[in-house]
Structure formats: structure tokens, C-alpha cells
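Accompanying notes for the structure given below.
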């Protein structure tokens, strides 16, 4: 896939003043009325006496844009869904110098304005463009010398529209109103002068302008499908993709005017509610069209009316600019296929943000994100870390005045807190793990007082030191039944305080750390007294079956002591109530208890139903698919973590994998090959067990050391490649 030439922005997305003053003005077409799903085109011709030494364009819109310079597309779907905070807007930085030349240069921009709220977007209410490119010799600035018009060919389909969570619309394009290559240098027609929306770049409409903290999306060429199936009765052309991907479908047809072609994927309504689709209305003759609203699936289906001859169909894949650079392979095909599907699921659930699913919601639910943090480090390249950091800043920047944090954000039609998810987010498995695995800690100082406000002003403590159960906006702790909410709340709160204590230590806040250690010690002393009921942990008033989730959190938090492990093991064997979201913690608990083989036995039972769907390339929202829930949910991808961290035993022992352990527990597997990418480089591991000995090949990145641990022995490795037997 092509990488866009981007001025890489490594700064976190805090709301800080910019070094370069804004000179451009917000503009729109004269005929723009800011209605839902408005598309506009903008053109500007600039004469350059010489090619500038540098020229970086800062571009902001609500909501998306596509950029051409001298007829060449250099940004495919720029812009981020709006909402670094409730009032503010992201902008991109794009290096346009390589595309400029001496003489006349044509800048062309297509914009899409969602015009409505969603679970992933805050609507500004105005469809504007801001384009600010400055150099020593020349400036290219959006103002009323630009030409602009609403692109009337774009409209909104009336039927099968997306559900209320999505700010995107079902895009319709009328080929009879197609303006052709309006972005080309040779285009001879002119549009009216643009109108000024606001002369100030930062204003009451768009708020402060915040640098895009993630790379621009990568995108492929138009690509042929793997196969095509035509159903004459339904008049559908079903086209196979290589895997569940984010795509924009393309068609080339010969037709009479007025025929309507529908484009959607197999995931359009698979989760039980409608996602996005595309619609093309033909003109006379041969024509081609690419529907720019991305959709995801394993198949793209074109519904072609009578009288339309299909000449060609293709797709373009696009997505977040990272790679699946981690790997896992062993002698059991079940785990190989599960890892592969899980990695694919993680990738297709990232774009503007991480989201729960790429079809129904595209929403940054932070409970899901906590699992994504861990999956990130075992699957993807480090560029993916920026998406987590972006989400962390959004979560904190959307904090309410009373201290409550909530997700999904950014959002215009959601404000409810899920208390347990928020405790997960700021706790050991959330923010702290992002710091510890990446080695980057710049967020800790600005976040610390906000986390403290949430944990100590929003939450109240009982006489035993534990958090009192709160309903919040939605007292959701997991899907399913037999959820001991009181106990789960206490455990997540303990782990949130543990993370806060470690942050206080990093920041040198000795008074806070002392107080937090006292709070933690009180909980540790009272945990068994308050919650242990002889054979399991339970909160007072809970009447359901023993909750495997709550037992697991007791183990991974360290609150449960080893003398309780035998009783807890029996619960993990029989009670399988955890959803794919919290199964990761059950798996972690079993490995911590020294029961790795039981962990994988349970995982195989849990995942077998979804793995029996041979045509699927991703893992599911629930353990099975029965016509509801999605077949693509990143919270179910956590076996990538279990296989890498617990089976292969690769885990950091200092921030950023500066030092790390390799402590394998093969659980009956004969051999394993795995790799992951850290800030220092790639860790590679090949293991083969034979007659009680272990043959290893290990690559240790420069600047790091590894401790290999096997059957009570430890071997320290410095940077380089190593082959040995233990």
C-alpha cells in the first residue's frame, strides 16, 4: 500500500499553541447549506516562480477530504473524525513540495461533511475547508480566491441507511451529474468563488486546531477480486476479498441512464443493525465510479439491475498505516488459525480510532481498547501505538467537569459512563500497560491530576477500603450472565489505584504515593475477610453462580493468594460465563496459577464455535454467531497476547522491553516460532522441546537484554542472535 508523504507528527494530541501562525481562512461553497452528507469541490491555481525549498500544507475539515496536486491524488481520505475534545478539531500536515513545479500548480480538494452526530464524531454544524501552506517565498491559503461548489452528484440513499451510532451516510452518486476529472490540471470549467465561513482559523465553530497524532491512512491501487459469483435470480455479483478488509468498491459499466446499482458487503447488517453502503445511478454509455465511503467485509456484493452490462469491478483497500509484523506459528493448526484471524480482527478495527467493530458502531469503547493495548504490542508495528495514545488523550480531554470520564468518545450522541470500563482504562491493564510496554511516559504528568480527580472525587470508599458500586450511566461490566458487579468493581478499582500509585512514584509525588500504598494495603488485608465465602470470592448480595471473571480478576490483581488457587481452578473448569472481552483475564489467571494447559484447554472450548465458521477471517463479538452480534470484534483477539506473553513467555521486565523475559510454557506444544516488534527492534524466538530439553533460537534487539527461564534455570542474553539448548 502507498504511504502518503506526511510530516510525521509524533507529539501527543494535547491542546497546545502551534509554532506557525495560521493565515488561512475557513471557506465553503456559496451554495453550501451544511446539510447532512454534503460533498464540495475546491480548486486553486497557484503560479510559482520557483519550486519552494519546503511546503507543508495544514488541512482541516469537518469531516473528510481527498487531495490532488497537479492532477495526482496525494491524500486518500484525509481528516479525522472530529473531537480531540468536545469543542476542537484535528488538522493534517502534508508535505506537498514533491508535487509542485515551477509555473502554474493546481490544488484540488474534495470534502465530505457528515453533518450529524455519532458514537465516533462530534458534528461542528458547518461544512468548511481550511488549507494553510506557507513557505519563505509563497503562501497557498484558503480564501475567497478559491473556486468551490457543492458536488450535486453526491446524495444520500433513502433506504437501508446506517444506524444512529454512525455519523456516515449511505452515499449515493448520480452519474448523470458527474463532473468528470474536475481535479485535473486540464479541467477548463470554473466554479464560483468560495465564501468565507470564518476569517480566523481557530474560532467558535471549530475550536482549537490540534495536530493529527497518527499517520495518514495507507491505500492500495484498485485491485481485482479473488473471485466473482453471479446470481441471475437476485441479479447480484458477489466478489470475494482476500480477508475482512476496509475497502472502497469500484465499478465500470455500460448502461442507459437512471439505473441504480447497490454496493454493500456481507457485514452490512450482520451485527443485527445496518452499516454503510453505496449506491450509483447510471448515465448513458460507459462509465466508472469508486464509492469513497469505506466499508468492511469478506465479500462485496453489487446488485445490478437489468439493462446494465458490468465491464469491470475492483476494490481499493485502505487503513491505518501499520503492519502485522508480529507472528505466531506452532505445531497445532488451531492456534495458528486463531492467531491469524485475531491479528486480522485487530487491524480491521483501527482507523480514525480503535473501535469495537468496523460495521455496526466504529466506536472507541475503552473496555475494548484495554485489550487492544496488549494485542498491539504482540501483533503490530510501533506506529500503532500512536492510535492508543490518541485515544488516551481523547478520553481525558472529554472528562466532564465533575471528574467523570466516559466512552465512546469522540461522540455527539453519547455521554454515559460505564464505571468498570473506565476503571479498566486508567488502571494496570490500561494506561499503565501502555506506558510499560511502549516505554513512553509523556502522558503521565498531564493525566495524573485528571486520573486522581476521577478515582478520588467520583468514587467513594467503604469502611473496608473498597470502592462502592456505582451505576454510572450504564453499569456494564461484561456481556452475559452471572456477573458479580460488586466484586468486579472492587477489583478494577484496586488495579486503578495500583496504577495511580506507580504513576505517583514515577512523578516523585511522595505524599500521594504514601497515601495510595496505605489504601492498597487496607484492601489487601480486607479482601479475603470481605469477599471469600469458603469456595469462591463473592460480594454480599450477589446470588448468581460463581463468576469466573471476578475470580480471574482476583488472581491477576494479586489480591487472591495461592492458597485459594485450587478452589478457583475448579470454578474456571466449570463456569464459562466470561465474554471474549474478559476471557483474556481468565487465561492470564490460569497461567499465573501455573495451569497453562488448563488455560489452553478452556480457550479451545471457548473459541471452537467461532473457529468452525470456515469462511470467516476474523473473531467474533460473542462465542458463537446466531444472526446477532458481529463476526468482527477486536476484544476477542486477546489470544495473540496469551500465546505471546504466556505460552512463549515474552514479557517486559522494564519499560519498553529494555529488559525482558523469555519464560516459555509450551503447554504440550512441540515447537513454537514467534516474533514481535518493540521500540528497540524485533524480538524473534524459535522453540523446540524434545525429551525435556529446549532448543532455542533467539534474536535480541540492540540495546536490550533478555533472561531466558526454563525449569528453574536462567540464561542472560545480550543483543544479537543466539542458538542454544537448555
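The values are calculated or read from the model by the stated rules, or taken from the named source; none is laboratory data. What you see is a predicted model, and the numbers here were worked out from it, not measured in a lab. Because the Cβ atoms are built from the backbone with ideal geometry, glycine has one as well, and the counts that use them run over all protein chains shown.
Observations on the model:
- Qualifying residue in the stretch 505-512 (condition: closer than 20 Å to residue 477 by Cα, in the same structural domain as residue 441 (by TED's automatic domain parsing) and surrounded by 13 or more Cβ atoms within 10 Å (Cβ to Cβ)): no
- Verdict on residue 379 being in the same structural domain as residue 588 (by TED's automatic domain parsing), touching a helix residue (DSSP H, G or I) at 6+ places or on another chain (Cβ under 6 Å) and closer than 23 Å to residue 246 by Cβ: yes
- In the stretch 408-427, the residues that are under 16 Å from the mean Cα position of the chain (by Cα) and part of a loop (DSSP other than H, G, I, E, B): 408, 409, 410, 411
- Residue 360 being touching a residue at least 60 places away in the same chain (Cβ under 8 Å) and farther than 17 Å from residue 638 by Cβ: yes
- Going through (1) crowded, with 19+ Cβ neighbours inside 10 Å; (2) in contact with a strand residue (DSSP E or B) (Cβ under 9 Å, 6 or more places away or on another chain) one by one, residue 309 falls short only on (1).
- Scanning the stretch 265-290 for residues being crowded, with 22+ Cβ neighbours inside 10 Å and in contact with a strand residue (DSSP E or B) (Cβ under 6 Å, 6 or more places away or on another chain) gives a total of 8.
- Screening residue 392 on (1) over 11 Å from the mean Cα position of the chain (by Cα); (2) assigned to a helix (DSSP H, G or I); (3) under 29 Å from residue 605 (Cα atoms) shows it passes everything except condition (3).
Condition check ((1) touching a strand residue (DSSP E or B) at 6+ places or on another chain (Cβ under 7 Å); (2) without any contact (Cβ under 8 Å) to a residue 40 or more places away in the chain; (3) in the same structural domain as residue 296 (by TED's automatic domain parsing); (4) surrounded by 15 or more Cβ atoms within 10 Å (Cβ to Cβ)) across all residues:
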site: 627; (1), (2), (3), (4): no, no, no, no
site: 641; (1), (2), (3), (4): no, no, no, yes
site: 652; (1), (2), (3), (4): yes, no, no, yes
site: 670; (1), (2), (3), (4): yes, no, no, no
site: 694; (1), (2), (3), (4): yes, yes, no, yes
site: 699; (1), (2), (3), (4): yes, yes, no, yes
site: 713; (1), (2), (3), (4): no, yes, no, no
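- Helices (runs of 4 or more DSSP H) fully within the stretch 493-580 that include at least 1 residues being without any contact (Cβ under 8 Å) to a residue 40 or more places away in the chain and closer than 21 Å to residue 646 by Cβ: 548-557, 565-574.
- For the stretch 185-196, the count of residues that are more than 25 Å from residue 105 (Cβ to Cβ) and more than 28 Å from the chain's Cα centre (by Cα) is zero.
- Check on residue 335, over 30 Å from residue 687 (Cβ atoms) and out of contact with any helix residue (DSSP H, G or I) (no Cβ under 6 Å at 6 or more places or on another chain): no
- With respect to (1) modelled with pLDDT of 95 or more; (2) buried (at least 23 other Cβ atoms within 10 Å of the Cβ), the lone exception for residue 13 is condition (1).
Quick grid of which residues meet (1) over 24 Å from residue 438 (Cα atoms); (2) more than 29 Å from the chain's Cα centre (by Cα):
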residue	(1), (2)
642	no, no
645	no, no
669	yes, yes
675	no, no
686	no, yes
692	yes, yes
713	yes, yes
720	no, yes
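- Among the conditions (1) over 23 Å from residue 72 (Cα atoms); (2) out of contact with any strand residue (DSSP E or B) (no Cβ under 6 Å at 6 or more places or on another chain); (3) surrounded by fewer than 16 Cβ atoms within 10 Å (Cβ to Cβ), residue 168 misses just one, which is (3).
- Residues of the stretch 328-357 that are part of a helix (DSSP H, G or I) and over 15 Å from residue 637 (Cα atoms): 333 alone.
- Elements of type strands (runs of 3 or more DSSP E) contained in the stretch 683-726, each with 3 or more residues being over 20 Å from residue 377 (Cβ atoms): 693-700, 713-717, 720-725
- The stretch 592-646, residues that are closer than 21 Å to residue 665 by Cβ and part of a loop (DSSP other than H, G, I, E, B): 593, 594, 595, 637, 638
- For the stretch 34-63, a tally of residues being free of Cβ contacts under 8 Å to residues at least 60 places away in the same chain and either out of contact with any helix residue (DSSP H, G or I) (no Cβ under 8 Å at 6 or more places or on another chain) or under 27 Å from residue 168 (Cβ atoms) (or both) returns 1.
- Selection status of residue 328, in contact with a strand residue (DSSP E or B) (Cβ under 6 Å, 6 or more places away or on another chain), in contact (Cβ under 8 Å) with a residue 60 or more places away in the chain and crowded, with 23+ Cβ neighbours inside 10 Å: yes
- The number of residues in the stretch 672-682 that are surrounded by fewer than 19 Cβ atoms within 10 Å (Cβ to Cβ) and assigned to a strand (DSSP E or B) comes to 3.
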